[in-house]
Structures are given as structure tokens and as C-alpha cells.
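*Asks:* Supplied in C-alpha cells, the structure appears directly below.
Any read-out appearing in this document is the output of simple, stated calculations on the displayed coordinates, not a laboratory observation. Here the structure is a predicted model, which means the values were calculated and not measured. Backbone-built Cβ (ideal geometry, glycine too); neighbour counts: all protein chains shown.
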Amino acid sequence: MSKQKLVVVGNGMVGHKFIENMVEHPDYANYEIVTFSEEPRLAYDRVQLSYYFSGKTVDDLMLTSPDYYNENGVRFIVNDKVVAIDSINNKIVTANGREEAYDKLILATGSYPFVPPVPGREQAHCLVYRTIEDLEAITASAQGSTVGVVVGGGLLGLEAANALKNLGLEAHVVEFAPRLMAVQLDEGGGELLRAKIESLGVGVHTEKNTTEIVKGETCRYRMNFADGSHLETDMIVFSAGIRPQDELARQFNIDIGPRGGIQINNYCQTSIENIYAIGECALWDNKIYGLVAPGYQMAKVAVSHITGEAVEFTGADMSTKLKLLGVDVASIGDAQARTPNCLSYTYLDQHKGVYKRLVVSPDNKKVLGAVMVGDVDAYGNLLQMMLGDIEIPGTPEAFILPAMEGAAPALGVDALPDSAQICSCHSVTKGDIFEAVKGGCTDLSGIKSCTKAVTGCGGCAAMTTQVMNAALTEMGVEVNNNLCEHFEYTRQELFDIVRSKKIKTFEQLINTHGQGKGCEICKPAVGSMLATHWNDYILADEHLQLQDTNDVFLANMQKDGTYSVVPRMPAGEVTPDQLIALGQIGKEFNLYTKITGGQRVDFFGAQLHELPIIWEKLIDAGFETGHAYGKSLRTVKSCVGSTWCRYGMLDSVSMAVLLEMRYKGMRTPHKVKMAVSGCTRECAEAQSKDVGVIATDKGWNLYVCGNGGMKPRHADLFASDLDDETLIKYVDRFYMFYSHTADRLQRTSVWMDNMEGGLDYLKSVIIEDKLGICEELEADMQRIIDNYECEWKKTINSKERLKRFAHFINSDATDDTLAYVAERGQPRARIDMAARAKIGKGEIIKTLDITDVAEPV
Amino acid sequence: MSEVWTDICQFSDLVKNTGVCALHKGEQIAIFIDDESQVYAISNYDPCGNAYVLSRGIVSDYKGKLTVASPLYKQHFDLTTGECLEEPKNSVKTFPVRIEAGKVQLA
């Protein structure tokens, strides 16, 4: 049997979702796919489009890649529009004259922005907001403008207004309806949203009907309104709703709704059996769905029908939760209380800027809808109650009132059916999460990578955590975050105890809050906490027993029991004299020498008794300890920046030196790495670090919680265009908050992945000081900085301490079991292959002999 | 036959819950002291990691036994018996050790 050929017209989010679902289908081998896009690139994330203005690149927004399509045998043609459908011979024709036959045709042509027919709308600086090209045009236009107006106060319009504001313009929103977000909000919600947006300096003009756009007096244009008023502006962005892109279907006799949209049945079939329509171009039950989740659902339904299954499209919930101009907004179900005889509960707090309305059934038992502005914590619970038709536990008002003494009633996730959809972006159900937990995912980051839940809009994080915990409880897994058998506390709780009770030693802590004598898990963890909080000398007698050998001898133990030595080289900057000194030391002690990934020099093969002698020489040459052995700041990598580089925007080396000197010696739950890049070319790879800093033409962009290594994670953009002082303030707070709340040996990337509320929550703590702790965080950091001293300098000045740096306490002999071989002109440890196989529990892997590489001529 | 005890170091050279390494009759011996000033001696050789490092591990209360966790791959060795709790075939020798007149002695 030959393969069925599927032609997908349009490679937007929904068209791509259809292809992805086909590729993942078990019967995919029976199909071949061709897709066309009139845009110059493959599918990207339009929902996140506004992030383009806050630092995300086109690459960041891409949902797929040519590689993915090539690997899966999907042919794709970009920059070519399908202009004709021949439904008798089953083929399509493109603008470039290409013909392509099909067995099934899928129309995923999306929508186009509606521009009201206002005279003057076709001028150069009148734009729309939908594609990356549109954003590029807006950016270009903004460069010569000081005032910008968005026509349309809906969801996209407010996003566009935020974009104009981010571009440095005086921004205004002009709306025809009497309130903002008229579709999703009621009057009270719209009013509060308006007040909040106005307080951000964005002008809001409702009930304005634009009659014409003419030449302006103070600006490029003047918009005249029907009520006789006017507004001057340099540029206009239309975002007054969307219209289905149904032109192709209309021309070739596929049924279209009276007000546009390609009519489809419950299987997403159009009036022609083998032609489907999905996404914003499709009209189901006289409705166009302008959100991505219903589009994804249609993609799934079409795949199911084509492959012979029977999933039906039965409408979609339009509830939504999002952040607009920094304001949390949510809308659920019947937000405007249109159901006959329904009842409403309303809560308004003008001081904090919170509005909530809950709409319930006439019998007061079921949730019908809700509006929330300023505080959307109840979204997950209320949405599940509405979708699951679940009776409200307790009194309805409790769900919108602020939490008072005693816990607010929680919707038991037990009440939800397995089919309850927890993550609507990726259609993840309660059952899916239970499956994942049973399959071994026992924390939020595991659930994320396994089910994709929480990775879309992120709105379901709290709900997903509740379901995960319910699954763990059901399996009898006690969620036990105790540090170890000696302390029935989490690291965070122990840290609070150390701080509040002013505990200074391990003995004090285990006697008052623990049991037994401690182990290799709790001892270094407590040692780290004591160091974070007090920053005492870690080798004082009372702390010595807590430290790993690396910390005891201030060097990294290698496999043969010798150590590596890494002096600090802030930002990778080193003088020729220092390099010469390093070379002499390496030569004198016959040390294997290598450059690290963190831009410094690493010496290997130093024996215990040699460490103090080596360090005496290093300190004489002006070096101090590099803390390569500690759970602490390693390095701040830098590119050369504006001092030498033709492209550098700011002096990245000086900033990196400043940061490295500020945070050196700081003890953290796990090691932390930083980098500073002088421009967006990002040569220092700052986005793979715990804290990354990138220079822009307006200041520093701060990225947090990135990681290279075992499980790479791209850092999140945390704040943009910061001056030096603000940058340092945020980094101070970030590190202390991490040190206070992370688990033992938890890198910042995992800490972030497990944080309820994620990046937004972290921003609210560090930028907005939601918890009121920022002053304390800064003071804690200042104490660490004030107490810094080089541990090696202190050690070589202490006779008592130096005694420990002998291999034998009773002899000057050294360890005679060490053996080295020469390799490429340097010594290296002799590898016992049998022993290695034992450690690796595997076979000996054959390797090529490259011990003697020819010297360059 | 009475054992002959050799002075190794001063008692004051030991720091509670840590170890030192001694060279005695050609062998590397790790000596530890606990909270109650009790001393222990086992081989300094870690058969799991194939290096002479046990004296540099963390003293650990593991499943009710006083052990040292190897600094290389963290296996636990019972300070009293030398038993390797994770890999019993990699257990190590113990040695007689005592404190006498302010000195640490091995037999």
C-alpha cells in the first residue's frame, strides 16, 4: 500500500501541532506530509510573541526546526503561498506555480488582524501585531517615534501596548467598548485593570470610535474620534481582533460561515470530505476560537479522524490566565454572569488592587465563572470545579476572600476525575500526572520533563504540584525532605533554625535539633549553612570535622588521592608576570597543567605535603584561593567587552572582576557559576550560568538559573536594562534567597524548576519584595562580604593547621604508591584499567593511544 | 606475648571526629578519634577507589555504626571492624591502637 499524502496549508502553531501529532502517531509510517508556509520561517510561538521585546530572539520562539522536519520525513516549503485548490483532482497550486497532489488536505491558515476601515489607516506608521515581521516593523517605526497608540483594548492590544512601552514610547490604548478586555472581564474587573494600567503610565481611552487618521500638529498623526476629541501620536498599532483567513476556501467553494470562517463538523472536516480545517480559520458551531489550546485540540481531532479513530471536537473552554503589563488577570467560564438566575460574589480591595468575582449556579453549589484581577491564585481550583462540574466544598465566598487565620478550603484534588485536564496547553490530565509519578517522577521538575505540564503558560503549576503530592500519598510515598537520618528537618528549616537561634556549631545544632552523631550528608550541609550565615574560618577546630576533604585541604582530591590546585583569576584576567609565576610553580612541582572551562589554570598531581609550599609561592605571586573545592562561587567568566572588542557595548571584564571579587568565598547550597558578556553575541555563554549578565545599549540584562553540565538549562531573563547598582542589588538578593531556601546540593536550575510560581514568583520576591525580606537578604550578603578572608593565606600563617598537611603524622616520608606516566609532555596519573572497569562496572573500553602526539613544526 | 607499642603522635595532634595517617611497619594506617576520645585504627587504603585516602574521609554515624565515608566514592568503613558496609568484599584491616600518657600508640 502506498503512503497517504497529507498536505498542510499553513505552518503556524496549529499546523505544526497537527504535524507533530502525526509524527508521534504509531501509524505514521503509512503517511507522508508536505507543509506550506507563506511566512519565511517555520512555526513559532505567537503566544510568547511579546517576549521578543524583552530579549527573546527569533530562535528562542521557534517551535520546530528544519532538522526536526527532515529527520521525520516532513517536506516543507516556506515563502510560498497556496493560491488554488483543485478538489476534483485533489491537488493544490502555489503562487510560484508549484503543484502538489494530496489525499487529505489540512487548512491551517490561521487568521489575520482586523483593521477597522478608518480613513488614513494605510499610512506608513500604521501597523499590526501578529508576526515576527510585524514586530520588526514596529521596532523600526518606534525608533523615530515618541508616542504610540494601540487601537484595541483586548488581550493582544494590551500586550502590544506593553511592547510600545518597552520600546520607550509614551503608550496609549484606544478601545471602542466601555472597558478593557470586554470579552473576558466584567465591569469591576475592567475598571481595576484600567486603574492599574494607568498607574504604569499607559493612557487608556475607552468608548472611542476613531473616525479618521490625519496629519498631526505635535506628532506625526492625529486620530479624530466620533465624540469630537482627538489624540496625537507618531505611530498606530491595530489590534482590534482577528478575522479567519478563509480566502482560499472561499474561492474554491468550501462552505464558509455567514460572518467568515471555514465551517467544520465535529471531526474538523469541511464541506468537502477529505479537506479539514483547524485553528483560527475554522468555524465550529458558529464560533471561531482565538486561543491556541482549542486549536491544538482540533489538530488532535483531525489526526484522530485521519488515522481512523473517533475523537470529536465538542467545543473548548475559553478560560484564561495571564499577566498583562505586569498585572495578573484571569477569566473563567461565564465571567459576565449571563446565565439566568445565577448568583455572584464580589471582593474588591482598592488598597492592594485586587478584584475578584465568582459566579455560581442558582442553587449556590457549582462554579459557573469567575473574574480575577491582581490576585489569581484561586484560578486553578475554580477552573477545575467548573470543568469537572464539582460541587463547591464549603462556602463559595471562601474561594475569593483573602486567606485569614486558618487555611482556606482547598479543593481536594481527590475529587477530580482522572480525565480532569490540569494543563490545558499540553492537554495533561490528572491521570497522566498519576502515571508519571508511578513511573518514577517524584518532583515537579521530573513531572515537567515527563508530561510537559506547566511548561506552556505555567498557570497550572500549583495544581500540578497538588496532584503530584496526592499521587505520592496514594502510593504510600511519604514526601520526606528530611536532610538525613540525623535531622528531621529540611535544609530550609535548618537554615531558619541556625539564623533565628544564632547557632554557631554543628554540636549545638545536633544536640538541640537532631539525633546521633551526624554523617557525611548532614555534616557538610550544616558546615555550608554555618559558613553562609557566619562566614567563619571553615578550618577552625569546631568546624573541621564537618568538611569534605576538599574543604579540609582547600584543594580538590583526584582519583589517586592527590589534589588539584586552582588559584583565583578573576574574570580570567591574568598578567604576563603572573602567568610566568604559574609556569615556574607548575614546573618546580612537576604538575600536570590545564586551562579550565572557567578561564583559569588548574594544576593536577599536587601531594598533600606540597599544598602549603605551592600556596606560599602562589600568594607571593599575588594569587588567592579560587574556591574550586567549595560549594561556593567558582568563576565569573567574561568576554573581553567594550575595552577591546569592536562590538562590546559595556566593559564586561570590569563587571566580571567586580562580581567575582564581591561574591568570592560565599558558601552556597551547591557551586554557582557566573558570566558576563559585553554584547548579545554572548561570547561568555552567560545564559548557561547560575547568574548571567549581558550588556545591552541600555544597561545590563540579568539572567538566572541556567546550567550547562549534566542537564543543561537555558537561563531565564530576569530583568532588563539595569544599571550597575541595581544589578548588584538583585544578584545579592538572588544568592541569599537561594542560600536560604534551596535543598542541599540543589543547583539554581533545579531550585527554579521546583519553585512554585516559578520565575514570576522569584521576580516578585526579589524585585517587588513581596515577602518583605530584601533588606535582610542584602544585610546577610554584606556580612559575608565583610568577613571574607583568603582561606589559604590564613592557613599558611597557622603552624597548627599546617601540621595536617603531611601525608604521615609520624614521618616525613610521602605516599610512595603514586605512579605517573608521561603523556604529551606532562605527567599524568597511571590509569589502572582493571580498577577503572570495576568502578565503571563495565567493560574496558578500547582507546586509541594518543600519548605521543607529534609536536607542531 | 605482650605487644610492643610504638608512639605515633601526641594525643593533642588529633581533632575530634577526624583522622590522620601514620606509617607503621611499612603500612599506611588511618587513625580516628571520636567525640568520647575513643581512638580507632584501620588501613588507609580504600580498595573501592584504589588509593590511600581513608584517613581523609568524614567520620559518619551510619546505620548505628561509627564509620568513615571514603572521600573518593563515599563507601562506609566500620571504624571498629574495618567492614565495608556497601561492598563487604572490600573490607579493610584493623590495627590495635591506644592512648597512653598523652601519646597515640600503635602495636
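*Asks:* So, in Å, what gap is there between the alpha-carbon centers of region B:33-64 and region A:569-611?
*Replies:* Measuring centre to centre over Cα atoms gives 31 Å.
*Asks:* Helix A:724-741 sits at what angle to the longest principal axis of chain A, using alpha carbons and giving 0 to 90 degrees rounded to 10?
*Replies:* 80
*Asks:* Related question: What net charge do the residues around A:Pro524 carry, taking every other residue with its C-beta under 12 Å from that of A:Pro524, with Lys and Arg at +1 and Asp and Glu at -1?
*Replies:* Working: positive: A:Arg491, A:Lys523, A:Lys631, A:Arg667, A:Arg744, B:Lys74; negative: A:Glu520, A:Asp548, A:Asp551.
Here the count lands on +3.
*Asks:* Moving on to the next point. Please name which of A:Tyr703, A:Gly665, A:Asn341 has its Cα lying farthest along the dipole of the protein assembly as shown towards the positive end, using unit charges on Cβ (Lys, Arg +1; Asp, Glu -1) and the Cα centre as origin.
*Replies:* The listed residue farthest towards the positive side: A:Gly665.
*Asks:* From the backbone phi of region A:28-39, what are the Karplus-calculated ³J(HN,Hα) couplings (6.51 cos²θ - 1.76 cosθ + 1.60, θ = phi - 60°) in whole Hz, Gly and Pro given as x?
*Replies:* 4, 4, 8, 10, 10, 10, 10, 10, 10, 9, 7, 7
*Asks:* Quick query: amide H of A:Ile272 versus all other amide H atoms, modeled in the peptide plane; which residues come in under 5 Å with a sequence gap of 5 or more or a different chain?
*Replies:* A:Asp255
*Asks:* In the Gaussian network model of chain B, springs joining C-alpha atoms below 10 Å, which of B:Gly19, B:Gly82, B:Gly49 carries the largest mean-square fluctuation?
*Replies:* Evaluated over chain B, the most mobile residue of the options is B:Gly49.
*Asks:* Through the Karplus equation 6.51 cos²θ - 1.76 cosθ + 1.60, θ set to phi - 60°, convert the phi angles of region A:253-258 into ³J(HN,Hα) values in whole Hz; use x for Gly and Pro.
*Replies:* 6, 9, 5, 10, x, x
*Asks:* Nearest 5 percent is fine: what portion of the DSSP beta bridges confined to region A:126-240 is antiparallel? Write down the numbers at each step before the final one.
*Replies:* Numbers: 9 of 24 bridges.
Bridges in region A:126-240 that DSSP calls antiparallel: roughly 40 percent.
*Asks:* Continuing with this model, one more query. Residues with amide H under 5 Å of A:Leu127's amide H, sequence separation 5 or more or different chain, H placed in the peptide plane at 1.01 Å from N; which?
*Replies:* A:Ile236, A:Val237, A:Phe238
*Asks:* Place a point 7 Å from the Cα of A:Asn590 along the Cα-to-Cβ direction; which residues of region A:801-823 have their backbone N under 15 Å from it?
*Replies:* Of the residues in region A:801-823, A:814-823 have backbone N under 15 Å from the label point off A:Asn590.
*Asks:* Here is a follow-up. Set the bar at 29 Å for Cα to Cα. Now go through A:Lys448/A:Lys763; A:Lys501/A:Lys664; A:Lys91/A:Lys452; A:Lys208/A:Lys698; B:Lys25/B:Lys103 and name every pair that lies beyond it.
*Replies:* The pairs that break the limit, which is 29 Å between Cα atoms, are A:Lys91/A:Lys452; A:Lys208/A:Lys698.
*Asks:* I would also like to ask the following. Students often forget the sequence filter, so: which aspartates and glutamates lie under 16 Å Cα-Cα from A:Lys215 once same-chain residues fewer than 8 apart are removed?
*Replies:* Partners found: A:Glu122, A:Glu232, A:Asp234.
*Asks:* Ok, one more. Compute the long axis of helix A:522-534 from its Cα atoms, compare it with the longest principal axis of the Cα atoms of chain A, and write down the angle in degrees, 0 to 90, nearest 10.
*Replies:* 80
*Asks:* Each label point is 7 Å from the Cα along the Cα-to-Cβ direction; what then is the distance between the points at A:Lys711 and A:Ala540, in nm?
*Replies:* Here the answer is 3.6 nm between the modelled labels.
*Asks:* Amide H to amide H under 5 Å from B:Leu66: which residues, 5+ apart in sequence or cross-chain, H placed 1.01 Å off N in plane?
*Replies:* B:Leu79
*Asks:* Right, next: Identify all aspartates and glutamates with a Cα-Cα distance to A:Lys5 below 12 Å; exclude those on the same chain that are fewer than 8 residues away in sequence.
*Replies:* A:Glu32, A:Glu100, A:Asp103
*Asks:* While we're looking at this one, here's another question. Can you list the lysines whose alpha carbon is less than 20 Å from that of A:Lys594, not counting same-chain residues fewer than 8 positions off?
*Replies:* Qualifying lysines at Cα under 20 Å: A:Lys559, A:Lys617, A:Lys637, A:Lys673.
*Asks:* Share of antiparallel DSSP beta bridges in chain A, in percent to the nearest 5?
*Replies:* 65
*Asks:* Pop the C-beta distance of A:Ala813 and A:Asn79 into the FRET formula with R0 = 51 Å and round what comes out to the nearest 0.05.
*Replies:* 0.10
*Asks:* For n ≥ 4 DSSP H runs only, could you compute -39500 (n - 2.57) per run for chain A, divide by its residues and tell me the 222 nm figure to the nearest 500?
*Replies:* -8500 deg cm²/dmol
*Asks:* I would also like to ask the following. Using a Förster distance of 60 Å, how high is the FRET efficiency between A:Val58 and B:Glu87, based on the Cβ-Cβ distance and rounded to 0.05?
*Replies:* The calculated FRET efficiency here is 0.65.
*Asks:* Another question about this same structure. Restricting to region A:60-210, what percent of DSSP beta bridges are antiparallel, rounded to 5?
*Replies:* Close to 45 percent.
*Asks:* Right, here's the next one. Which pairs, out of A:Lys793/B:Lys93; A:Lys321/A:Lys711; A:Lys321/A:Lys366; A:Lys504/A:Lys689; A:Lys711/A:Lys770; A:Lys17/A:Lys196, put more than 28 Å between their alpha-carbon atoms?
*Replies:* Over 28 Å apart, Cα to Cα: A:Lys793/B:Lys93; A:Lys321/A:Lys711; A:Lys504/A:Lys689; A:Lys711/A:Lys770; A:Lys17/A:Lys196.
*Asks:* Sticking with this structure for a sec: If you count, for each residue, the other Cβ atoms within 10 Å and average over each peptide, how do A:142-148, B:56-62 line up from highest to lowest?
*Replies:* Ranked by mean Cβ neighbours within 10 Å, highest first: B:56-62, A:142-148.
*Asks:* Can you check what the net charge comes to around A:Leu762, using other residues whose Cβ is under 11 Å from the Cβ of A:Leu762 (Lys, Arg +1; Asp, Glu -1)? Let's see the in-between values first.
*Replies:* Values: positive: A:Arg733, A:Lys763, A:Lys770; negative: A:Asp716, A:Glu756, A:Asp760, A:Glu768.
Local net charge: -1.
*Asks:* Taking R0 as 35 Å, what FRET efficiency do you get between A:Lys365 and A:Ala195 from their Cβ-Cβ distance, rounded to the nearest 0.05?
*Replies:* Taking R0 as 35 Å, the efficiency between A:Lys365 and A:Ala195 is 0.55.
*Asks:* Determine the distance separating the Cα centre of region A:415-461 from the Cα centre of region A:254-315; give it in Å without decimals.
*Replies:* Using only Cα atoms to place each centre, the spacing works out to 26 Å.
*Asks:* I've got another one for you. Just to check I understand the Karplus step: with θ = phi - 60° and J = 6.51 cos²θ - 1.76 cosθ + 1.60, what whole-Hz values come out for region A:189-203, glycine and proline as x?
*Replies:* Ordered by residue, 3J(HN,Hα) equals x, x, 4, 5, 4, 4, 4, 5, 5, 5, 5, 8, x, 9, x Hz.
*Asks:* If Lys and Arg each add +1 and Asp and Glu each add -1, what is the summed charge of the other residues whose beta carbon sits under 13 Å from the beta carbon of A:Thr346? Show your work: numbers first, answer last.
*Replies:* Values: positive: A:Lys356, A:Arg357; negative: A:Asp186, A:Glu187, A:Glu191, A:Asp349, A:Glu397.
Charge balance in the 13 Å sphere: -3.
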